[in-house]
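Working notes, beginning with the structure itself.
The values are calculated or read from the model by the stated rules, or taken from the named source; none is laboratory data. Just so you know, these numbers come straight off a predicted model, no measurement behind them. For neighbour counting, all protein chains shown are included, and Cβ atoms are generated from backbone atoms with ideal geometry for every residue, glycine included. Note: accessible area is taken over every heavy atom of the protein model, side chains too, but ligands, DNA and RNA are not part of it. Shrake-Rupley method; radii C 1.70, N 1.55, O 1.52, S 1.80 Å.
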Amino acid sequence: RLFLTHEGYHGIFFSDLEFAAEVQTIWDSLEDPEKQFWYDFLVWKRYEIDNPYLVVNEFMAYLMQQSIENIESYYKDYIIPKYIIALPEEAEKMNEFLVNYPNHFLENAKKVEEAAYRLDTITAGELRCIY
């Protein structure tokens, strides 16, 4: 379900240029350490981070693939601990990120979800056909 929802949001990003532009604006508003988290995460997941469109698209899809209620635990209790196990040399950097940006995931997921709902009447974690 998570994978299909993630992939479905790529379709929304690709087909709704206004939504993609709003996600780009959200991405552009991030501070450098916030963007660096996503670059590091995507490299770990074996994505090509030299493609800015792909990076922003993945940022959106990873934030939207689960409900807002699950976003904090997904990253803080699942993803980041797995990342640190795989790359223990990155533990200090990840912990510093969490201290400096404790609301990063929730705040940005809410922004992306607000744009998705306003433009396409869809919410995080739940793609549904409305047409």
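Does E113 satisfy being in contact with a helix residue (DSSP H, G or I) (Cβ under 9 Å, 6 or more places away or on another chain), of a type in the set (D, E), in a helix (DSSP H, G or I) and surrounded by 15 or more Cβ atoms within 10 Å (Cβ to Cβ)?
Working: in contact with a helix residue (DSSP H, G or I) (Cβ under 9 Å, 6 or more places away or on another chain): yes; of a type in the set (D, E): yes; in a helix (DSSP H, G or I): yes; surrounded by 15 or more Cβ atoms within 10 Å (Cβ to Cβ): yes.
Criteria met by E113.
Exactly one of (1) exposed (fewer than 12 other Cβ atoms within 10 Å of the Cβ); (2) more than 17 Å from L2 (Cβ to Cβ) is unmet by D77. Its number?
(2)
Is it true that F37 is among the hydrophobic types (A, V, I, L, M, F, W, C), touching a His at 6+ places or on another chain (Cβ under 9 Å) and either in contact (Cβ under 8 Å) with a residue 60 or more places away in the chain or open to solvent by 30 Å² or more (accessible area, probe 1.4 Å) (or both)? Talk me through it step by step, then tell me what you get.
Working: among the hydrophobic types (A, V, I, L, M, F, W, C): yes; touching a His at 6+ places or on another chain (Cβ under 9 Å): yes; either in contact (Cβ under 8 Å) with a residue 60 or more places away in the chain or open to solvent by 30 Å² or more (accessible area, probe 1.4 Å) (or both): yes.
Against the criterion (among the hydrophobic types (A, V, I, L, M, F, W, C), touching a His at 6+ places or on another chain (Cβ under 9 Å) and either in contact (Cβ under 8 Å) with a residue 60 or more places away in the chain or open to solvent by 30 Å² or more (accessible area, probe 1.4 Å) (or both)), F37 qualifies.
Of all residues in the stretch 1-33, how many are surrounded by fewer than 17 Cβ atoms within 10 Å (Cβ to Cβ), within 21 Å of Y83 (Cα to Cα) and touching a helix residue (DSSP H, G or I) at 6+ places or on another chain (Cβ under 7 Å)?
Number of matching residues: 1.
Hey, which of the helices (runs of 4 or more DSSP H) in the stretch 30-97, taking only ones fully inside, have at least 3 residues that are of a type in the set (A, V, I, L, M, F, W, C) and within 23 Å of F19 (Cα to Cα)? Before the answer, list the steps.
Values: elements: 32-44, 52-64, 68-73, 80-86.
Filter on the stretch 30-97 gives 32-44, 52-64.
Six or more apart or on different chains, Cβ under 9 Å: which pairs go from a residue in the stretch 106-122 that's on the phi > 0 side of the Ramachandran plot to one that's surrounded by fewer than 16 Cβ atoms within 10 Å (Cβ to Cβ) and of a type in the set (A, V, I, L, M, F, W, C)? Could you list them?
T121/I130
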